Amino acid sequence: MIKIDNVSMMFNLGIEKDFSLKQAFINIFTKKSKRKKDEFWALKDVNIHVGKGEVVGLIGSNGAGKSTLLKVVSGVMKPTKGKVTVNGVISPMIELGAGFDPNLTARENIYLNGAILGYSKKFLNEKFDEIVEFSELREFLDVPIKNFSSGMTAKLAFSIATIVNPEILIVDEILSVGDIKFQEKSKAKMMEMIKGGTTVLYVSHSLQSIKDLCTKVVWIEHGKVIKIGNTEEVCDEYYKEQMK
């Protein structure tokens, strides 16, 4: 379903400097080895294969490369090296609410964000009440998003993104959105999609959430895969390492 073969992702931390004439002149006389200090490899030779219906958790410290990997798989970023092969339609839930216009109301943003996700107006009309009920934001439908809390915005975005059952779901920490009641409802919705055969790549710092949902786990640190295997075993080993 998803094949990640020898994928590496490099960012140039000093790229903004190169836009000035002064920095361009300095670069002429700067040794290449020194300029390489601006290179940051967020991913290094990552190899992961995810089968149909698998729920794979990604764990690791902040800055390990987990979210970058999700963006590469989703097609948001093109890897510097390697190849990603995806067989199926992806629904990425990364940076929920990123496609919203803060000056538009919640009602208007349902149609805007839905269009960005590829939903037709007819489909959104049919699913409108379902989206609103799940989001628990009916009384705020005609309020501009800029007046929403981050939790309210994430709840609306999650409700729009999960209105269909995708073949492949890419998830980044979305089960922590909203209050406890909504978190439980989000988790139940995820379980419903998983039981329906959806393939999932899931990033979370909650090891309990990973253990509850995932069939196997990939542990990443400093852009490299440390271990792939049984959910309980890898999570417990990661926890012990973090507690040292």
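The values are calculated or read from the model by the stated rules, or taken from the named source; none is laboratory data. Since the model is a prediction, treat every value here as computed from it, not as a measurement. Don't worry about glycine lacking a Cβ; one is built from the backbone with ideal geometry, like all the others, and counts go over all protein chains shown.
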Self-check item: Those residues of region 43-66 which are out of contact with any Leu (no Cβ under 9 Å at 6 or more places or on another chain), more than 17 Å from C235 (Cα to Cα) and not acidic (D, E), in sequence order
Solution: K44, N47, H49, G51, K52, G53, G63
Quiz item: Among G53, G82, which is assigned to a strand (DSSP E or B), in the same structural domain as G223 (by TED's automatic domain parsing), at pLDDT 90 or above and not hydroxyl-bearing (S, T, Y)?
Solution: G82
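Results for (1) more than 15 Å from the chain's Cα centre (by Cα); (2) more than 23 Å from V73 (Cβ to Cβ); (3) at pLDDT below 95, shown as yes or no for each residue.
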{"residue": "L96", "(1), (2), (3)": "no, no, yes"}
{"residue": "T105", "(1), (2), (3)": "yes, yes, no"}
{"residue": "V143", "(1), (2), (3)": "yes, yes, no"}
{"residue": "M152", "(1), (2), (3)": "yes, yes, yes"}
{"residue": "A161", "(1), (2), (3)": "no, no, yes"}
{"residue": "N165", "(1), (2), (3)": "yes, no, yes"}
{"residue": "E173", "(1), (2), (3)": "no, no, yes"}
Quiz prompt | Neighbours by Cβ (under 9 Å, 6+ apart or cross-chain): first from region 148-163, of a type in the set (K, R); second part of a helix (DSSP H, G or I) | solution = K155/F134; K155/S135; K155/F182; K155/S186
Self-check item: Evaluation of E192 against (1) modelled with pLDDT of 95 or more; (2) among the acidic types (D, E); (3) surrounded by fewer than 16 Cβ atoms within 10 Å (Cβ to Cβ) (one fails), failing number
Solution: (1)
Exercise. Give just the number: which of (1) in contact (Cβ under 8 Å) with a residue 24 or more places away in the chain; (2) more than 22 Å from E54 (Cβ to Cβ); (3) out of contact with any helix residue (DSSP H, G or I) (no Cβ under 9 Å at 6 or more places or on another chain) does E241 not satisfy?
Key: (1)
Exercise. Go through (1) within 18 Å of the chain's Cα centre (by Cα); (2) surrounded by fewer than 19 Cβ atoms within 10 Å (Cβ to Cβ); (3) outside the structural domain of I48 (by TED's automatic domain parsing) and name the single condition F123 misses.
Key: (1)
Exercise. Scan region 191-221 for residues that are touching a residue at least 40 places away in the same chain (Cβ under 8 Å) and more than 14 Å from Y238 (Cβ to Cβ) and report the count.
Key: 9
Exercise. Taking K155 as the residue in question, decide whether it is surrounded by 13 or more Cβ atoms within 10 Å (Cβ to Cβ) and not in a loop (DSSP other than H, G, I, E, B).
Key: yes
Exercise. Being in contact with a helix residue (DSSP H, G or I) (Cβ under 8 Å, 6 or more places away or on another chain) and either more than 24 Å from K66 (Cα to Cα) or not assigned by TED's automatic domain parsing to the domain that holds S74 (or both) narrows it down to one of I210, I116, I163, I194, so name that one.
Key: I163
Quiz item: Is it the case that some residue within region 214-228 is among the acidic types (D, E), outside any helix (DSSP H, G or I) and either at pLDDT 95 or above or crowded, with 21+ Cβ neighbours inside 10 Å (or both)?
Solution: yes
